[in-house]
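Throughout, read-outs are computed from the coordinates displayed, never taken from laboratory work. Nothing here was measured: the structure is a model prediction, and the numbers come from that model. Note that each Cβ is placed from the backbone with ideal geometry, even for glycine, and that neighbours are counted across all protein chains shown.
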Amino acid sequence: MGLSVWKLAFSDVPTLPDKAALWSLNQPPGITFLDRDGQVIATRGSRHGQVVGLDEMPAYVPQAFLAAEDRRFYSHPGVDVIGVLRAAWADLGHRRVVQGGSTITQQVARNIFLSPDQTLRRKLQEAVLAWRIEQVMTKAEILDLYLNRIYFGEGAYGIEAAAQTYFGVSARHLTLAQAAVLAALPKAPTRLDPTNDLQAALGRSRQVLMEMRDAGWITPAQVGAAAAAPPALVAGKPEEEDFGYILDLASQRARLLANNRAPDLIVRLTVDRKLQAAGASVVRDGVAEGRRLGATQAALVALTPDGAVRVLVGGRSYRDSPYDRATQALRQPGSAFKPLVYAAALEAGARPEDIRLDQPIHFAGWSPENYGGGHSGAVTIAQALARSINTVSVRLAQEVGPDKVAALARRFGLAMIPLHPSLPIALGAYEVDLLDLTSAYQVFQNDGRRVEPYLISSVADARGDVLYRHPDFLEPQIYDPRRAGLMTRMMEGVIDHGTGTHAAFGRPAAGKTGTSQNWRDAWFVGYTPDWVSGVWVGDDHGRSMAKVVGGDLPAEMWRKFMIVAHDGLPVRDFAKLPDPDPEKPPTDLVDEAAAQDAPPVAAPTTADDGQSPAPPPTPGPADPRPSGRQADFYASLAQDLTRDSDGQPPQ
């Protein structure tokens with residue numbers, strides 16, 4: 001049987017490549033993320049530090065690893081027979097593999113070629129590979145390779161990455177105490193991770209120092225000084241907390257864009273570091289303010305006119321909950337959806353100055369009401385949008401037809417809206433995510449042109465070869481420019497004298513408030529000539545808030561962020577309205593009487609959104625973002641669905 005084991009081990013030993021290939025062979029992949037200015041934000045996956053040679057670091061650094069792992073490194077041929085016998089005796093006593101006995105050369109062989117399984121076959125293969133490595137490399141080359149490829153925990157491979165990760169310094173400047181802590185990690189990088197159990201790591205490092213003293217590499221005085229001044233760990237980077245949602249979103253997409261052509265990627269994002277931190281601060285402060293009212297979570301996104309995502313904050317704390325409420329959570333937008341209803345009405349021939357009656361209406365037993373319960377009689381369409389009057393929105397949706405409203409919404413990028421919705425679409429009864437809804441408003445900002453939001457500017461491999469670059473192309477015109485301008489003017493009224501006055505910050509701005517049934521979700525989405533931004537506030541479990549409405553907390557959060565975003569920018573007004581196209585006369589809407597006499601509309605059933613949100617399905621290669629779940633048709637005939645709480649009753 002012994003001969004069979006040897007034959008099996010030797011027959012399956014990997015072929016040893018040339019020395020140069022050993023530095024990158026089977027290296028775990030990682031992604032380095034840069035902000036829009038090219039500065040490193042963070043690294044996901046494996047972190048591979050710059051190679052640091054033995055002659056570049058203090059002598060006690062490699063000596064610490066020899067003391068911890070292989071004191072006879074310079075005297076054995078790759079396999080330490082004494083160590084093997086000691087381990088074999090321990091294994092025999094326990095009738096299983098319980099002790100390693102691996103040399104540094106064997107660890108190099110295992111880390112590059114083999115699995116970590118503690119089996120006799122793997123140990124034999126490890127010994128064969130170690131012997132072969134010793135035939136083609138010097139001891140200094142092997143130790144150099146070991147120090148620059150060994151795993152230290154926290155995703156760090158190589159001593160430079162480990163020194164930067166734990167102590168914020170280069171391996172060239174490690175102190176003796178720091179070197180002893182790092183030398184303790186390869187044996188048990190998870191158990192001895194100083195960020196998880198500093199005392200265990202320090203205890204093992206003191207053993208390393210004693211081994212170094214016994215070998216004559218350091219003096220007792222050096223041992224005492226190092227033990228008396230244990231190294232301090234580098235403070236956790238706040239950027240990781242602020243950028244966590246973005247990095248999750250970009251990681252998967254970057255791999256798809258690179259088509260898995262490189263193990264390590266350099267991904268340049270569109271994100272602005274300063275504004276991302278400001279957005280995260282606004283979300284944290286907003287939740288802290290709204291918590292007493294039941295607002296336990298919030299999200300914020302901001303885009304430039306070309307669709308570049310500068311800010312994406314998916315929740316109050318990524319560390320506490322990595323669930324991204326900006327792109328994964330589907331919620332009822334309430335009246336924040338109304339601009340799309342009005343846009344469909346303008347496309348069908350309505351004008352902002354047209355009159356509609358704000359009075360009780362009834363559709364197949366459904367009687368949508370206004371917030372506050374009152375009615376204003378005859379109002380213009382512009383006034384109705386500014387004051388978020390529910391009855392007028394429903395009238396317009398009935399006149400245009402719910403299918404046409406849905407078709408326009410899907411054209412604007414809201415793919416989750418069903419093709420054939422029921423009339424409560426007029427009040428935002430169908431679910432959307434924050435990024436999609438904010439991007440839809442960008443059609444108005446861009447005079448009718450649709451831009452796809454994007455987060456990644458370019459993807460390159462570790463050598464700098466570009467694998468993907470975001471293309472520059474002319475955005476398609478999907479909505480009439482003049483009508484887009486009219487919609488902007490009407491939404492300026494929302495902020496100037498309507499339900500969104502708390503969003504005003506001294507610049508031309510347009511936007512819309514929204515609140516879903518039972519005050520479960522509150523929104524504010526708006527834009528200037530320079531930015532479009534959206535804010536959502538709510539609770540992960542769908543619990544009702546204490547009458548938190550879109551015109552209050554979300555509008556105030558939006559204002560605070562937009563003040564920072566516009567800092568240093570000149571004040572700009574929206575472009576003048578283009579002249580009407582004489583070759584495209586508007587289509588007349590049906591009259592009021594016809595609308596009132598329309599056949600009954602079947603109402604969708606109400607879905608229970610009181611459960612915790614679930615993660616989205618994996619996106620396909622053509623989708624730049626993870627897609628959400630298909631929205632349930634859960635508008636309700638109940639009064640709670642139609643009582644849009646935008647914060648101000650009709651005038």
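Here the label points at T138 and L233, each 7 Å from Cα along the C-beta direction, are separated by 3.8 nm in the simple model. Shown is the FRET efficiency for F505 and H420, computed with R0 = 41 Å from the Cβ-Cβ distance and rounded to the nearest 0.05: 0.55.
Order these peptides, 507-516, 302-311, 49-58, 185-194, by their mean beta-carbon neighbour count within 10 angstrom, highest first.
Working: 507-516: 28.2, 302-311: 22.4, 49-58: 14.8, 185-194: 17.5.
Most protected by this proxy first, the peptides run 507-516, 302-311, 185-194, 49-58.
Here the 3J(HN,Hα) profile of the range 507-524, calculated from phi with Karplus coefficients 6.51, -1.76 and 1.60 at θ = phi - 60°, is 10, x, 8, 10, x, 8, 8, x, 9, 8, 4, 6, 6, 6, 9, 10, 9, 9 Hz, Gly and Pro shown as x. The slack in the chain from A188 to R261, taken as 0.36 nm per residue of separation less the alpha-carbon distance, amounts to 23.1 nm.
Using 0.36 nm per residue of separation minus the Cα-Cα distance, give me the extension gain between V571 and K274 in nm, one decimal.
Working: separation 297, 0.36 × 297 = 106.92 nm, distance 2.05 nm.
Going from the current span to full extension adds 104.9 nm.
Backbone phi angles across the range 285-295, fed through the Karplus curve with coefficients 6.51, -1.76 and 1.60 (θ = phi - 60°), yield HN-Hα couplings of 5, x, 5, 4, 6, x, 4, 5, 9, x, 8 Hz in residue order; Gly and Pro are listed as x. Amide H contacts for Y468 (H built 1.01 Å from N in the peptide plane; partners 5 or more residues away or on another chain; cut-off under 5 Å): V459. Going by neighbour counts of Cβ atoms within 10 Å, the residues R204, R132, R325 line up, fewest first, as R132, R204, R325.
Counting every other Cβ atom within 10 Å of each residue's Cβ, L129, L357 order from fewest to most as L357, L129. In order along the range 159-166, the phi-based Karplus estimate (6.51 cos²θ - 1.76 cosθ + 1.60, θ = phi - 60°) of 3J(HN,Hα) comes to 5, 5, 4, 5, 4, 5, 5, 8 Hz; Gly and Pro are listed as x. Residues whose amide H comes within less than 5 Å of that of R543, counting only those at least five positions distant or on another chain, are absent (H built at 1.01 Å from N in the peptide plane).
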